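Input: a single structure, listed below in structure tokens.
The values are calculated or read from the model by the stated rules, or taken from the named source; none is laboratory data. Keep in mind that what you see is a predicted model, and the values were worked out from it rather than measured. We place every Cβ from the backbone using ideal geometry, glycine too, and count neighbours over all the protein chains shown.
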Amino acid sequence: MLTLQLINQDPEAVIARLAVKHFDGREPIMRVVELDKERRAAQKQRDDNAAQLNKMAASIGALMKQGQRDEAEQIKAEVAALKSTNKEIDDRLTAAEQEITDILLSVPNVPYAGVPEGRTAEDNVVERTGGPMPDLPEDALPHWDLARKYNLIDFDLGVKITGAGFPVYIGKGARLQRALIQFFLDEAGKSGYTEVQPPYVVNEASGLGTGQLPDKEGQMYHCQVDNFYLIPTAEVPVTNLYRDVIIPAGELPKKNCAYSACFRREAGSYGKDVRGLNRLHQFDKVEIVRIERPEDSYAALEEMKDHVQGLLEKLELPWHILRLCGGDMSFTSAITFDFEVWSAAQKRWLEVSSVSNFETYQANRLKCRYRGEDKKTHLCHTLNGSALALPRIVAALLENNQTPQGIRIPKALQRYTGFDIID
RNA sequence: GGAGAGGUGGGUGAGUGGCUGAAACCAGCAGUUUGCUAAACUGCCGUAGGGGUAACUCUACCGCAAGUUCGAAUCUUGUCCUCUCCGCCA
């Protein structure tokens, strides 16, 4: 959530920036400013009273020791009166703090200066394009037909075992999954990311830390008996590694990568968007996460984009980068770049990666700080990106590389798959 | 699933109602001294929120929440978590 510091510093600027996300922040922000004033005043009163009470309590102790009972009893009466008024003030203070938190939880992150105006995906800006565009015949098959033809993925079996959106990968299909995971992890390692294997199930505090809770409660599978959540992305457990910590400045940046299965309920999705591998309830992804000093975070973001771009180039897929407009960005993000690959048989772009800088928005909830040269604690910037999500990469690989002989495996992947064609 | 033990500052660990925001030790930081890596000595060394231009000062926090009390790390209740043993099992 946004820091009070940022809001108090210049509420009008915050409101103006929130407008880029098409969020009307005037009412909540102004209310927070007002509540914060109340909060300070109340705290001053309460603390002064508490100091007074502490003194009185101490003097009672002293009087008792000297056997001056009557005097002590007299002060006790005063204490009782002051205590009850202080209770009222304390309740006001707690109420103000609670309301501030509630409001801040409902206010999205402010977009970074470079975020373009816009309301929907239509308004996103294509930043860069690359990769070879495939030239397929008219009768090219979509990946779900290819998956069936070569017996790579059985969607119906998944329906039997679990339900729609839980495919069963078979034979070379399964091997391709494993190869991609290994490839992505190796590449992340080469770029300096330390691999971690996190839990796939997290507690409520972790969900709150990265912002999936409370806003996106319905998007996660919830094990109610234990109050655990299946992770929608490795971002959740990996970023939460740094919850409630103060990192020595010299240890930054922290760079981690992790493979995980990802679980998403995707309530409300339907139609061609969910056909085949386009949108699943369980999928595989390698995620990269960075914890940075604020002044370094935008350079880090560029590095992450370069890393993802490098992956797509090695996979010989046609790609482009979108700079998301304010309206299409996620709640918690300050700036997001989406990578999409061209799925030649479906004739559409598929999002395969999302790289974001959250600035201090997540860190504020996580209490992820570092100790600066000034010996004080400061909030870190957190960033993450997919590198990469598998299903749509597989969809594009299958569709774009189909030949009459079979499906060609890009060179960089062959040493991982152990085969160069699926036939 | 059954039984028990325990949660104190970066770590170890003392502390059963006021003088304890918290001993001591270790680690860390700053300095003094000594002609080697090193040692010794001195000081500092939690987080957060207030007030103050500042020096400084107030408040809260000993898993979390509520309660008893003039006063709680210390007593009561609830709750979460961890560990050990038994059972079950990869």
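Checked against (1) of a type outside the set (Phe, Trp, Tyr); (2) in contact with a Lys or Arg (Cβ under 7 Å, 6 or more places away or on another chain); (3) more than 12 Å from RNA strand B (Cβ to nearest atom), A:SER106 passes all but a single condition, namely (2). The set of residues in segment A:3-26 that are within 13 Å of RNA strand B (Cβ to nearest atom) and in a loop (DSSP other than H, G, I, E, B) contains only A:THR3. Identify the residue in segment A:260-300 that is outside any strand (DSSP E or B), among the aliphatic types (A, V, I, L, M) and touching a Phe, Trp or Tyr at 6+ places or on another chain (Cβ under 8 Å) and, among all such residues, is surrounded by the most Cβ atoms within 10 Å (Cβ to Cβ). So, considering only residues that are outside any strand (DSSP E or B), among the aliphatic types (A, V, I, L, M) and touching a Phe, Trp or Tyr at 6+ places or on another chain (Cβ under 8 Å), the one surrounded by the most Cβ atoms within 10 Å (Cβ to Cβ) is A:LEU277. For segment A:78-85, the condition of being within 27 Å of A:ASP123 (Cβ to Cβ) and away from RNA strand B (no atom under 12 Å from the Cβ) holds for none of the residues. Scanning segment A:246-259 for residues that are assigned to a strand (DSSP E or B) and over 18 Å from the mean Cα position of the chain (by Cα) yields A:ILE246, A:ILE247, A:PRO248. Which condition number in (1) more than 16 Å from RNA strand B (Cβ to nearest atom); (2) in contact (Cβ under 8 Å) with a residue 12 or more places away in the chain is the one that A:CYS380 fails? Among (1) more than 16 Å from RNA strand B (Cβ to nearest atom); (2) in contact (Cβ under 8 Å) with a residue 12 or more places away in the chain, A:CYS380 violates only (1). Screening A:LYS55 with (1) within 13 Å of RNA strand B (Cβ to nearest atom); (2) charged (D, E, K, R); (3) under 30 Å from A:TYR361 (Cβ atoms); (4) without any contact (Cβ under 8 Å) to a residue 12 or more places away in the chain gives one miss only, at (3). Note on segment A:352-377: residues that are over 16 Å from the mean Cα position of the chain (by Cα) and more than 16 Å from RNA strand B (Cβ to nearest atom) total 0. Do the conditions hold for A:GLU295, that is, is it modelled with pLDDT of 95 or more and either in the same structural domain as A:LYS190 (by TED's automatic domain parsing) or over 17 Å from A:GLU195 (Cα atoms) (or both)? So A:GLU295 does not fit the description; no.
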